[in-house]
Amino acid sequence: MILEAYLLLAAALFAVGLFGALSQQSVVMVMMGLELMVNAVIVAAAAFWLYTSPERPDGQVLVLVAVTAMAVEMAMGFAVTTAIFRARDVDMVDMAADLADHSGSGDHGHHGGHGDHKHHGDGGDR
Amino acid sequence: MTETVVFAVCAVGAVASGVMVFVVDSMARATFALLASFVLTGVAILLLGLSYLGVLIILMMVMEMMVMAVFMIMYMMNPAGLMPMTMVHNKVGSLAVSVGVFLLLAAGIVFVPWPERTGGPPADPTLALGEAIMGEHMLVMMLVGLVLFATMVSATVLTTHRGRYDRYGDDLRRGRPDDPIGGGLDR
Amino acid sequence: MSGAAPLWTALLVPVLLLAFGYGAAAGTAALRARAAGTAPGAGLTAPAREAARLLVQRRRTIPGADTLLWRLGGALVPAAAVLAALVVPLGPASVGDLSVGVVWFNAMEVVVWAALWMLGWGADSAWGLVGGYRFLVQGLSYELPHMFALTTAALGAGSLRVSDIVAAQEQVWFAVLMPAAFAVYLVSALAMAFWGPFGTPVGRDLAGGAAAELSGVDLLVLRAGRYMFLAVVAAMAVPLFLGGGAGPLLPGWAWTLAKTAGVVALLVWLGHRLPAVRMDRFTEVGWVVLVPVTLLQALVVAVFVLTR
């Protein structure tokens, strides 16, 4: 019964993080959402370790890898943010859509990304 | 019984402060809300008997969030939240997707017959973890180390805008690097 | 040899920390009085008089302050000191002899980063914010060598449990076995208690830095918390490097208290003698000199442990 409680906590954290990663425009806030999602993985891995196979260390190793992934995500995220801010004064995901497929047939990257790009290019400068 | 209460408080608190991250206007408060969420999940992991990993998560997250606070203040237009503004796109869609994902995961969690526990936890999980990453799972540890090293190098390369020609002159003949901030070693 | 003391001893922890903290404050006042040419004896009551003055002083409120984070930051400093002290053994027993005591100590000590930054940020003052950022730079500079020093002590004992580390020093104190780690620990002890040469986050050149806007009881809490922190990092040096409660004649708890008092006195004297350190300089020293030094120290200790 307790395993389900931990997994529900993980699912809730994951959903909250997903909302943040999808909805936020600032790169830093998107990274906060991603961190919450990785945190959910940590909770789930630790719970699986104790409630399914505590005699094997694999669950703990997975937690360690998730913690590392979090650190790497943050370091690289801020490095890319700093680089792109320095080059183009951009700190919003919508304005950094270089890799988006603008010619493609109406995926959400085109729909959300391009539309907001124009809007913030006009009003969001500092 | 005590454990259940502590877990319930921590779980509700962790999710609530996770929500607060995207609700509050002040970026400083958002950072510390995220920190609260991490610390509370760290306590929940301590309840599982993983003392090392739980304390490690608390330790690491405090440091990480303090670094994050610096970048939050640096890159956000309105760090103190004194002029509330929303910087979101497609809020309804994101909300629908995340609620849908949560319901899907919750359904899976409730209805999937999870396997029974196969053995007991070791006397010292920290020792078990240490022996694992220095023994049969050593490859994981080596890869983690390599990835962290690569991250350090590439993050430094991405963020440094001054190369060796800026520091040592166009023909690299300058004896001392010309740095905006001199270090403590008088190089 | 080891074990958890009864729960009521948890109440003793803040009392002892406050006592050592008062001693540190009185010692500082006495040293300052002597340097100024007045009678050092008056320094012994100076902290009490200062505390009484701050207690009746009016608390400052600032429009536009982030009061939640501001007050929380001040309260976190003494709270972190007490939590960190839970794993420090007094003689044979500590309040909570965790299996990962060293990591716990480190985690609680890092909370001060958050506390000082919150203090600086919350006051809506440029001085405060500069002070908060200064402490973050300081933290990033001292934390890596500090962690390696702690790791070296744990490595010498083969355990993260503080009582095991004490037990491993029956033959030889770790201060003798790993002098570089001990020295780095003392440096980082000054830095993490933002004391003496590392006091620039609350320095006079910033009109008080992170504490610039504090007054009354809030300032008292921060100052008391800082002295308690100085006491707890000094107290942790005893089980990590100075053999814990080991010593002739006296019981273990008395030796622990005596050694702690010695380390506190050393830190107070160092803080009085050394000039302020600029963080743009110390960062390079910390990363380019202290990190390799502690790594080499850890290597030497590892080889020693293997060949013993």
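Worth a mention:
- Mean separation of Cα pairs under 8 Å and 6 or more residues apart, divided by the residue count, gives chain C a relative contact order of 26 percent.
- Take each residue in B:26-38, count the other chain C-beta atoms within 10 Å of its C-beta, and the mean is 5.
- Residue by residue, the range A:19-28 carries 3J(HN,Hα) couplings of 4, x, 5, 7, 9, 7, 9, 6, 4, 5 Hz when phi is fed to the Karplus relation 6.51 cos²θ - 1.76 cosθ + 1.60 (θ = phi - 60°); x denotes Gly or Pro.
- Degrees, to the nearest 10: B:91-111 long Cα axis against longest axis of chain B: 50
- Inter-chain Cβ neighbour average for residues C:69-75, partner chain, 10 Å: 1
- Only helices enter this figure: runs of n ≥ 4 DSSP H residues, each worth -39500 (n - 2.57), summed and divided by the residues of the protein assembly as shown, yield -23000 deg cm²/dmol at 222 nm to the nearest 500.
- Once the Cα gyration tensor of the protein assembly as shown is diagonalised, semi-axes √(5λ) in Å: 40, 32, 26
- Overall shape: oblate for chain B, with the ratio a/c of the largest to smallest alpha carbon gyration tensor axis at 1.5 or above and b/c at least equal to a/b.
- Toward the positive end of the charge dipole of the range C:9-307, with +1 on the Cβ of Lys and Arg and -1 on the Cβ of Asp and Glu, the farthest Cα among C:Val288, C:Ala193, C:Gly21 is that of C:Gly21.
- GluC sites (Glu not before Pro) restricted to DSSP loop in the range B:89-160 with at most 15 other C-beta within 10 Å: B:Glu116, B:Glu136
- Gyration tensor (alpha-carbon) shape descriptor, the range A:2-91, a/c threshold 1.5: oblate
- Between the range B:1-27 and the range A:59-88, the alpha-carbon center distance in angstrom: 24
- Shape class of the range B:1-81 from the Cα gyration tensor (axes a ≥ b ≥ c, square roots of the eigenvalues): oblate, since a/c reaches 1.5 or more and a/b does not exceed b/c.
- Averaged over A:40-49, number of beta-carbon atoms from partner chains that fall within 10 Å: 5
- A Gaussian network model of chain B, with springs between Cα atoms under 10 Å, assigns the largest mean-square fluctuation among B:Tyr52, B:Tyr168, B:Tyr75 to B:Tyr168.
- Axis of helix C:252-273 versus longest Cα principal axis of chain C: the two differ by about 50°, to the nearest ten degrees.
- Between C:Ala114, C:Ala84, C:Ala231, the GNM of chain C built on Cα springs shorter than 10 angstrom shows C:Ala114 fluctuating the most.
- Between helix C:216-241 and chain C: long-axis angle, C-alpha atoms, 0 to 90°, nearest 10: 10
- In angstrom, the C-alpha Rg and Dmax of chain C are 19.2, 64.
Computed from the coordinates by the stated procedures, all read-outs in this text should not be read as laboratory data. Bear in mind the structure is a predicted one, so any value in this text is a computation, not a measurement. Here the Cβ is made from the backbone with ideal geometry for all residues, glycine too, and neighbour counts use every protein chain on show.
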